[in-house]
Amino acid sequence: MPISKSLIQPDHLQDQVQPLLIVSFKFKPFLSSISKILDFFHLNKILIEKILSNHHPTNLHELNPNQKPKLILTHDFKGGYIDNQFKRDYTFEYLNHVDTFIYFSHQTVSIPPVDWVTAAKNHGTSILGTLIFESVTSIDQLKLLLIGPNIQSSAIHQTKYFIKINSINQSEFDIISTYFADRLIDLAIIFQFHGWLINIEVDILQSIPNQSSAFTRAFKIWLEYLQLEGRRRVGSDWQVCWYDSISYLDGRLQWQSHLHPQHNLAFFSASSSIFLDYHWSQDHIKATETLVDQLIQLNPPLSSNLSSQQILNLSSSWRKSLQDKSASPQQLKQSIFFGVDVFGRGCPFGGGFSSWKAASQSLQSGFSVALFAQAWTWESHHLHPDRSDSTEGHPNWWKRWWRDERYFWSGLVEPLPNSNNLLGPIEPPNAYIDACRIAQESKQPIPKKGLGFSELPKHKPFNELFPVKSSKPTDWFYTNWSLGSGSNGIWIQGQHYFNKQMGISQWTDMAMSFPIHDLAVGSGKVSNLNINIPVESGLALCDLIDHIGWSGSGCVKIEQVESSNPGAKFLWMNTTAIKLTSELKCRLVWKPAKATLLPLGFAFHIGDPQSSNLVYSVSASSSPASDINPSIILVHPSESSDLVVFNVQTRLIDNGWHETVCELQTNTSTNLLITRLGITLPGSTSIASRFCHYVGELSIVPHALTSKLTKKHENQVQVRWEAKDLSSSNNPVFSDYGKAFWEVSDNQTGKVLMWVLHLELESRNDEKSDKVIEKTKTLIGVIRGYQEILMNLKDSQVKILGTAVPNGKVHSRLIVEGIGIDGQVFYVGYCQVNY
């Protein structure tokens, strides 16, 4: 579980009233200077030592088999971030297409907040914090970074090291302190992210002209220490990304926009990757290609295990650093990221909706892409006139932003006129507006208005350039396709909660964002099985809606454009990498859009990278609960013939929703993965065989885990309430403002998807009366990533009951429910919160 408020308590929460829907707390742990790191570790010493003592590195020597170019996303939202989580604000919903997400700000140290860390985990995406120095006054902070703090030896943290380097000229950087590098690694372990973007935009040559070269040599060693020691302590997920800004040669501030043997090669060799500036051209790409080819010939990469001795023998030379960096030429190329600024600002092709063109040039040469400021679709004033009839975040404003966001990432489609079974791309009004902007900035003729002149038909959504990545193998998978924001309240187990008075209306919480459909609100190909051979038989529109839902912001509506051929059919939903253990339990929650529709089942694609011979097979349920049984479609290598599907059942659950479950078993030890999940319809001659359903939840969990989730475990959540103590020495008083905490007795917290909190109130006529005149249970929170809340109890009671009870007594009980990774409630705890 990510650590949040227990370590950094935001000042603005000290007196904040919270009688509202509480979503996962959006704290902003920015540290304004390197010196603040000392304060942080001093104030939280005991808790930090406990966390670090329980940490173990994972997958230390694992190499990523995926050698395709990668995508880094760097998020800099409005120069800061928004405080109000009770307003629908910007979220990013395509993390499953992103390899690494960088949480960026202009504070010196930016630690990703718990909601973004949780969202990244949901999608299998790495996430980095930012260490940045921008102003001339930052030079003292940079010196401190290398020299270390001036503190007594008895107070130095036990993991403080010093590295001695040889220098021709004596300088204050002859001895490098790794104290702050170690603390940055500690911060990543504590807050559960994967490394740092290092960005120095200070002219070192101008600031310390006599020592600038000594500084850059020392900083290269410090940077490599941060990379290697972080990898040793954290594991193979650790990353240090270097932003190309200062020259290694003399420290001057000089963006190269390509890999250069004198100016940035040394920094690149010391880090995991390099983030090149945005002002590059095709010539820069060619120059980088040439240099990489030369490096491979002169210095072939080695695959070496990481050792403590290797870390202690660092030097300012790039050659050995580069040799240890990667296992193949392609891995070397994919660690070079050409920057693409969505705001344009000198980027090739002008950014905006044309950002894909710059990205394509980098990809064509095998290099990766670092996309900066993707929230342009929300922030750009060029796009706002189209939304001028409503305020930012208003439902109408949000829908138009979401249209533009989908156009950028996944494209927009609609049924073609006079066609029964075809969908065609469409262009939003802002595509033409942005095309005019780019033309004006580049002094080109203004394009003609209309389809085909501004972007279409050549527009290419980013998701086509970067399909859903193959994440690292996982033991389980869950999604409810929820967005990280909503304007229509929230859905829990098919129950809709909407109450403006309680603040249950608009909300923003990235922790609630789960992997959405691969085509991300586009269209999917429906396939029929004809004698166990797949045949494409149509298209289905896939839309995220909020007026119907099961969990989170709503659900997915799937509607086939036209009824297709009889026979079992399937539609792929999500790319996954689920380990095929001996036995898996699968659960799908769905709702028919029409009463006569057929039940949904599962489609599993069992992938073996070495096999090209796939077999399609269909099995059906023997459940008596339905006249037409759900189909299970298996797509697997022919040699994996021992796969068995059993216990297929479907039943009606809550609020008109249905549940289809099955178990998947293999009797042999295997390294196979479930690489895609989909939904199916059985073949029928009597009922229309057509997708027209709502899909609310999908989970795949090993049987060994679900055995612990089969029943609600009441009172296994210990909940306690601490009212704020307002006592003086002569007047003991407790406030109605306080904090609730809860923990699980069986240490299964990691198997909890979210916590759902209700406040149950009983109002009575007076203090002595046992007669209940009103009893109300109201949702007050949905929380992911931490286990505590702040509440103003009295104000909550008034809002829930509608009025205070004159001279009466209100008995309050906080109910905490834990929803497991299979989507079902399995923990319940209670706490009286009377005061």
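The values are calculated or read from the model by the stated rules, or taken from the named source; none is laboratory data. Values in this document were obtained by computation on a predicted structure and should not be read as measured data. Note that we place each Cβ from the backbone using ideal geometry, even for glycine, and neighbour counts take in every protein chain shown.
I need the full set of residues from the stretch 252-268 which are of a type in the set (Gly, Ala, Ser) and buried (at least 24 other Cβ atoms within 10 Å of the Cβ), in order please.
Within the stretch 252-268, 266 is the sole residue that qualifies.
Here are the criteria: (1) in contact with a Ser or Thr (Cβ under 8 Å, 6 or more places away or on another chain); (2) modelled with pLDDT of 90 or more. Tell me which single one residue 689 does not satisfy.
(2)
In the stretch 638-658, how many are modelled with pLDDT of 85 or more and buried (at least 20 other Cβ atoms within 10 Å of the Cβ)?
Going through the stretch 638-658 one residue at a time, the tally reaches 5.
Listed residues 269, 236, 213; which is modelled with pLDDT under 95, in the same structural domain as residue 186 (by TED's automatic domain parsing) and more than 29 Å from residue 283 (Cα to Cα)?
236
With (1) touching a helix residue (DSSP H, G or I) at 6+ places or on another chain (Cβ under 9 Å); (2) at pLDDT 95 or above as the list, and residue 191 as the residue in question, which single condition is left unmet?
Just one mismatch for residue 191, condition (2).
Would you check which residues across the stretch 467-519 are within 15 Å of the chain's Cα centre (by Cα), more than 17 Å from residue 698 (Cα to Cα) and polar (S, T, N, Q) and list them?
470, 471, 485, 508
Going by what's in this entry, would residue 297 be described as surrounded by fewer than 19 Cβ atoms within 10 Å (Cβ to Cβ), in a helix (DSSP H, G or I) and assigned by TED's automatic domain parsing to the domain that holds residue 126?
yes
Working only within the stretch 401-442, note down all residues that are surrounded by 17 or more Cβ atoms within 10 Å (Cβ to Cβ), polar (S, T, N, Q) and in a loop (DSSP other than H, G, I, E, B).
Residue satisfying the conditions is 410 alone.
Do the conditions hold for residue 758, that is, is it in contact with a strand residue (DSSP E or B) (Cβ under 7 Å, 6 or more places away or on another chain) and either under 30 Å from residue 121 (Cα atoms) or modelled with pLDDT under 70 (or both)?
Yes.
List the number of the failed condition for residue 543; all other conditions in (1) free of Cβ contacts under 8 Å to residues at least 40 places away in the same chain; (2) more than 27 Å from residue 494 (Cβ to Cβ) hold.
(2)
Could you check residue 437 against (1) in contact with a Ser or Thr (Cβ under 6 Å, 6 or more places away or on another chain); (2) at pLDDT 85 or above and say which number it fails?
Of (1) in contact with a Ser or Thr (Cβ under 6 Å, 6 or more places away or on another chain); (2) at pLDDT 85 or above, only one is false for residue 437: (1).
Being more than 27 Å from residue 654 (Cβ to Cβ) and among the hydroxyl-bearing types (Ser, Thr, Tyr) is the filter here; which residues of the stretch 539-570 pass it?
Once the filter is applied, which keeps residues that are more than 27 Å from residue 654 (Cβ to Cβ) and among the hydroxyl-bearing types (Ser, Thr, Tyr), the stretch 539-570 yields 563, 564.
Quick check on the stretch 7-44: of everything there that is at pLDDT below 75 and of a type in the set (Lys, Arg), which residue is nearest to residue 756 (Cα to Cα)?
Here the answer is 26.
Taking residue 339 as the residue in question, decide whether it is modelled with pLDDT of 95 or more and over 18 Å from residue 97 (Cα atoms).
For residue 339, the condition - modelled with pLDDT of 95 or more and over 18 Å from residue 97 (Cα atoms) - is not met.
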